[in-house]
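J.: Let me begin by handing over the structure; questions about it come next.
Every read-out reported here was derived from the displayed coordinates using simple, explicitly stated rules and does not represent laboratory data. Model, not experiment: these values are computed from the prediction. Because the Cβ atoms are built from the backbone with ideal geometry, glycine has one as well, and the counts that use them run over all protein chains shown.
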Amino acid sequence: MTPQIALVTGATQGLGLALVEGLAQRLSPADTVYLTGRDAGRVTQAVEAMPAGGAEIRGEVLDVADPQASARLARRLRERHGGIDFVIGNAVMRVGPDDDPREIVGEYAEVNNFGTTRLLRAFAPLLRDGGRFLVVASSFGTLNHLAPALHGRFTGLSSLDEVDEQVAAWRDAVADGSARGGDWPGFVNIPSKIGQVAAVRTLAADRRADDLARGILLAAVCPGMMNTPTSALWWDVRDAPSPAQAADELLDLVFRPVDPAHYGELVRHGEVLPWSPVPAG
């Protein structure tokens, strides 16, 4: 049997770190899990701190904000392994209540949104039969959280380039202040997450028939509220699950048979979150 290969981005702490550990424990010693992050020192420390047993864990530096980094790493892994079985896009720039959206939106979109589309472009073509590609988003990533006048910006898109164009237009409106006088929400996380889910939906529309025939799942996932220092800046998370608990649920989705209803959708706790508002009545 061909050894299985997995990759997790944003994996030096929190949910990403827990996903790497969980993948390694569920896979065999012949398999490999790549733990990636943008800081070489933190990547090395995270790998060294992993418990023994299960798959081999290898560190790789991957800054998803670098326009060429995902493609470079994809080429290296294709040369080493021929393909990949599991990809979980978890890299995220965190934002706090005191951050000025105009100052951080450029880097925020670069990591969370353009980083996601670069990862999709680079690694989706490498998925082997039975593969999984999950993008960690949130329940904010649906049109329910966006003014109806803006829904058309993220629906019916035909390419990841078009998704990037819409995200760039939002980013620029936040940066120059014009978003404040329009319909865009003030919380930058909402349009960003909608852009991530739109990217998954757009790519999935082209790949659906072939992927399902090959047993591949491409989906966005919502891990739900977690007890992390960043979440605690916004909400009371004392009773929320730990990253390890949230990771375990996401990994159940990775390892169980593909549900076609999940393909191309945003999935939380095993259920699809509707992309568009559900009509009343």
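J.: Counting only chymotrypsin sites (Phe, Trp or Tyr not before Pro) that are in a DSSP loop and have at most 15 other C-beta atoms within 10 Å, tell me the longest site-free stretch of the chain.
T.: 1-186
J.: Put a dot 7 Å past each Cα toward the Cβ at Gln13 and Glu107; how far apart are the dots in nm?
T.: Result for the modelled spin labels: 1.3 nm.
J.: Now a separate question. Using a Förster distance of 25 Å, how high is the FRET efficiency between Phe255 and Arg208, based on the Cβ-Cβ distance and rounded to 0.05? Please report the intermediate quantities before stating the final value.
T.: On the way: r = 21 Å, r/R0 = 0.85.
Result of the calculation: an efficiency of 0.75.
J.: Under DSSP H, which helices of the chain have Cα atoms covering 30 Å or more of the helix axis and a Kyte-Doolittle average no less than -1.0?
T.: Those that pass (Cα extent of 30 Å or more, hydropathy at least -1.0) are 189-213.
J.: Where does the charge balance sit around Val43 when Lys and Arg score +1, Asp and Glu -1, over other residues with C-beta under 14 Å from its C-beta? If you can, show how the numbers build up before the last one.
T.: Numbers: positive: Arg38, Arg42, Arg58; negative: Asp39, Glu48, Glu60, Asp63.
Here the charged neighbours net out to -1.
J.: Next question, about the same structure. For every other residue with a beta carbon closer than 13 angstrom to the beta carbon of Asn189, add +1 if it is Lys or Arg and -1 if Asp or Glu, then tell me the sum.
T.: Value of the local net charge: +1.
J.: To the nearest 0.05, how large is the calculated FRET efficiency for Asp172 and Asp98 if R₀ is 22 Å and r is the Cβ-Cβ distance?
T.: Details: r = 23 Å, r/R0 = 1.04.
The calculated FRET efficiency here is 0.45.
J.: Can you match volume of the Cα convex hull per residue in Å³ to one of these, [x] 149; [y] 279; [z] 137, based on a calculation from the structure here?
T.: Matching entry in [x] 149; [y] 279; [z] 137: [z].
J.: Something else: Starting from the amide H of Leu7, placed 1.01 Å from N in the peptide plane, find each other amide H under 5 Å away whose residue is 5 or more places distant or on another chain.
T.: Tyr34, Phe86, Val87, Ile88
J.: What does the charge count around Leu273 come to, taking other residues whose C-beta lies under 15 Å from its C-beta (Lys +1, Arg +1, Asp -1, Glu -1)?
T.: Surrounding charge for Leu273 is -1.
J.: Go ahead and run the numbers for FRET between Arg58 and Asp183, Cβ-Cβ distance against an R0 of 45 Å, rounding to 0.05.
T.: Once rounded, the FRET efficiency stands at 0.50.
J.: Per DSSP H run of at least 4 residues, take -39500 (n - 2.57); add these up for the chain, divide by its residues and hand me the 222 nm value, nearest 500 deg cm²/dmol. Walk me through the intermediate numbers first.
T.: Details: 9 runs with 112 residues, N = 281.
The helix-only estimate for the chain comes to -12500 deg cm²/dmol at 222 nm.
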